[in-house]
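Only one structure is covered here, and it is reproduced in the block below.
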Amino acid sequence: LLLLFFISFPAWSQKVTLSGYIRDAASGEELIGAAVNTNLKGYATVTNSFGFYSLTLPAGPVELRISYLGYETITRKVDLKASETMNFTLIEEAQELNEVIVSDSKLDENLQTVEMSVAKLSAKEIQKIPQLLGETDIIRTLTLLPGITTVGEGANGFNVRGGNADQNLLLLDDAPVFNSSHLFGFFSVFNADAVKDVKVYKGGIPAKYGGRLSSVLDIRQKDGNSKEFHGTGGLGLLSSRLLIEGPIVKEKVSFLIGGRRSYQDLFFGLSNDPQIQESILYFYDLNGKINYRISDRDRLYLSGYFGKDVFGIQDRFGFGWGNITTTLRWNHLFSDRLFSNFSVVYSDYNYNLGTLGDNDGGDFRLEARIRNNILNGSFTHYVNTRNTLEYGFNTTYYIFEPGNITGDITLDQPFEYALETGFYISNEQDVTDQLKLQYGLRYSTFFNLGPRAVNTYEEGKPISDETVVSTTEYASGEVVSTYAGWEGLEPRFAANYRVDERNSVKASYNRTRQYIHLISNTTTPTPVDLWRPSGPFIKPATVDQVAVGYFRNFRENAFNFSVETYYKWFQNLVDYKDNAQLFFKENLETELLTGQGRAYGLEVLLEKKTGSLTGWLSYTLSRSERLVSGPTRETTINNGEWYPSNFDKTHDVSLVLNYALSSAWDVGMTFVYQTGRPITYPSARGEFEGNPYPIYDNRNGARIPDYHRMDLSATYTPKANEERWWKSSLSFGFYNVYARKNAYSIYFQQVRDQPEITQAIRLSIFATIIPYFTYNFSF
């Protein structure tokens, strides 16, 4: 009723609707976030994630201005007497190679949009930043922005505003990705050559997203060049890549296919160590997409991703893991004001480990996976020039396979099944020329389904194998647990008050719920960690987040400045008993605890978007804490007091600079400083039958040394490229320039000759300077 009240204002003059797509003139790719402005005050819009725009305005003559950062602006005068469809194509600016594009948007969009706590990156920007081993890495670049970090080098995943790595929803063309890293975090699974747009929500999450607590990383692949055949690729020291795109039917059907493969295992044979010679370590992945423009009102997309990591130690032991996703999407334009997107998605994350060949240790193999079958429907209704209504649904059917063990020992852990549904509605409203609101509501439900067996435990006592009272068997499809009702309501709100042309103030609030959980008591997730659904013993986790920010632009929008502060309340977080055994545990609930969390902080970002020198400086001051308290000592951690989470870092500073020396040379520099993360040190040592063992009583009570690092890079692009069909560039640089021995962790061991003494050992992933070299090409 409120939505209808706000959007149902009477129209006092005749209105018409102008709609269509905005595309790249060279490739035919739709441009996301392109601006459509008019000479009429208050009449403007931007394209959606599929390059579509719709603008309702008074009938009569109007001047249109179509713009997109890095492209030439076009101006058109039209006389609108009735609703029309008008498509536009934009040409890239000639000087684009000399600039770093920080976001694909208008230069002052940060002041106009209601979005806050949002980071946007283009593939062109990411390719300019010094990277580990010269590999363009989307995830690693995101950690240079405020509020986003990892627990260390060689770590899987990333953490956002005090949240765990499993609290991030990673979407590749609407398909969830459960592991974002290759080779234990050294490479990202996202091939930057195939990516068109990257957007991460740290707060103020729109109502159309659900299922995770801390962030949404929405990645869109390119659609494929619909006009000409093109290719891009690169040859590096440890990996190579190639992507080809082009028309199947010109300007109607296009394709894209890309692949990467690392080959560091080929160099193992050069080692003098037989153990290294016979080991394997590599990854490969494939991206594919077909785009079919049926008409101006209908589009079909079929996209997919397949990635695999393989690791083996001689012929003794090995494991592998990988993601598979498939997305079929249909865009349909019901009218000039009603845009829809339907998608059918399949996602499969799987891993295996075990012995290889003949092994004195016996024959053993474990296979596990999590599969998602998803149906989505979303609608964007451009009600009038001041209201844009979005509504839709999401349905996900989960199949959890905790582990199938074969070999000398056989064990089939029972599958788990679950169904998650969500419905949402949201409106973005320009209340006045200065005040813009976005308000909405999401309603989610979750059903844990059979077949499975559920234990009942003795009341008033800790859950353990000794307190089992009975076991209930549930048949296939029978509901084991239901989470719905009022708790399933997830309100969302955001506001932007534009003080003047250079200043704006924003605020947001969101509640999100998470129904699936990563079961891991390690500092960083590993490829073989378990995912489990909410059920009788694991409740859905919930977070409430509020944020307030101030945004200002300087010097004709050349500099953007923002400062945001946030506070988050977590409920029903999964935690673990001390010395918990999670692997191959039949009654996993006996090792789990439930806790609360809080995270708060201040984020500052200063960006320079134009000119020869571009880049940003970011600073984050934050805390992330947990609390696990219960009726007995066995259900508490640190005696029921607040303690730092594994990824709590008080200070985080990043400086990213890129300088165009000439039309041929670009140089870059990155500097990072972070407070050392928390770690648990033993407080004492005991002995049992002559064997020493550590005693822990203060979880995360210490910290590893602070982390800091500097990287340098340079890119040479020959001037002759402009006249050649084969274009190339050379990128080279140094990671960890001053060879800082940053600690990934601290562990303890006995001194060999003095077993009564225990010493601390610093473990460093990269303890020296690492050079890299990459030859990039396109045709």
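The values are calculated or read from the model by the stated rules, or taken from the named source; none is laboratory data. These numbers were taken from a predicted model, which means no experiment stands behind them. Cβ placement follows ideal geometry from the backbone for every residue including glycine, while neighbour counts extend to all protein chains displayed. Keep in mind that these areas ignore ligands, DNA and RNA; they rest on the heavy atoms of the full protein, side chains included. Shrake-Rupley method; radii C 1.70, N 1.55, O 1.52, S 1.80 Å.
Summary table below
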{"item": "Residue match in the stretch 114-131 (condition: open to solvent by less than 30 Å² (accessible area, probe 1.4 Å), over 18 Å from the mean Cα position of the chain (by Cα) and at pLDDT 75 or above)", "result": "yes"}
{"item": "Single match in GLY322, GLY304, GLY318 (criterion: surrounded by 19 or more Cβ atoms within 10 Å (Cβ to Cβ), closer than 14 Å to GLN221 by Cβ and touching a residue at least 12 places away in the same chain (Cβ under 8 Å))", "result": "GLY304"}
{"item": "The stretch 242-265: number of residues that are open to solvent by less than 40 Å² (accessible area, probe 1.4 Å) and among the charged types (D, E, K, R)", "result": "3"}
{"item": "Members of the stretch 480-492 that are open to solvent by less than 70 Å² (accessible area, probe 1.4 Å) and either of a type outside the set (Gly, Ala, Ser) or in contact (Cβ under 8 Å) with a residue 24 or more places away in the chain (or both)", "result": "VAL480, SER481, TYR483, ALA484, GLY488, LEU489, GLU490, PRO491, ARG492"}
{"item": "Qualifying residue in the stretch 691-702 (condition: modelled with pLDDT of 90 or more, farther than 30 Å from LYS577 by Cβ and not acidic (Asp, Glu))", "result": "no"}
{"item": "Among the candidates ASN404, ASN427, residue that is assigned to a strand (DSSP E or B), of a type outside the set (Lys, Arg) and open to solvent by less than 20 Å² (accessible area, probe 1.4 Å)", "result": "ASN427"}
{"item": "Only listed residue being in contact with a helix residue (DSSP H, G or I) (Cβ under 9 Å, 6 or more places away or on another chain) and not acidic (Asp, Glu), chosen from TYR474, TYR457, TYR483", "result": "TYR457"}
{"item": "Residue match in the stretch 688-697 (condition: open to solvent by 60 Å² or more (accessible area, probe 1.4 Å), in a loop (DSSP other than H, G, I, E, B), among the acidic types (Asp, Glu) and at positive phi)", "result": "yes"}
{"item": "Filter pass, GLY204 being surrounded by 18 or more Cβ atoms within 10 Å (Cβ to Cβ) and at positive phi", "result": "yes"}
{"item": "Test result for GLY701, out of contact with any strand residue (DSSP E or B) (no Cβ under 9 Å at 6 or more places or on another chain) and open to solvent by 20 Å² or more (accessible area, probe 1.4 Å)", "result": "no"}
{"item": "First in the stretch 426-444 and more than 18 Å from TYR43 (Cα to Cα), second anywhere and open to solvent by 60 Å² or more (accessible area, probe 1.4 Å) and of a type in the set (A, V, I, L, M, F, W, C), Cβ under 6 Å, 6 or more apart", "result": "TYR439/PHE493; GLY440/ILE425; TYR443/PHE423"}
{"item": "Hits in the stretch 402-459 (condition: more than 17 Å from SER481 (Cβ to Cβ) and among the β-branched types (Val, Ile, Thr))", "result": "ILE405, THR406, ILE409, THR410, ILE425, VAL431, THR432"}
{"item": "Which numbered condition LYS106 fails, given (1) under 30 Å from ASP298 (Cβ atoms); (2) within 18 Å of the chain's Cα centre (by Cα); (3) modelled with pLDDT under 85", "result": "(2)"}
{"item": "Residue in the stretch 177-184 that is β-branched (Val, Ile, Thr), surrounded by fewer than 24 Cβ atoms within 10 Å (Cβ to Cβ), touching a residue at least 60 places away in the same chain (Cβ under 8 Å) and not in a helix (DSSP H, G or I) present", "result": "yes"}
{"item": "Any strands (runs of 3 or more DSSP E) falling wholly within the stretch 446-554 and containing at least 1 residues that are hydroxyl-bearing (Ser, Thr, Tyr) and over 30 Å from GLY354 (Cα atoms)", "result": "452-457, 468-474, 479-483, 489-498, 503-514, 541-554"}
{"item": "Top-ranked residue of the stretch 185-200 - restricted to ones that are over 14 Å from ILE139 (Cβ atoms) and touching a Gly at 6+ places or on another chain (Cβ under 7 Å), ranked as surrounded by the most Cβ atoms within 10 Å (Cβ to Cβ)", "result": "ALA194"}
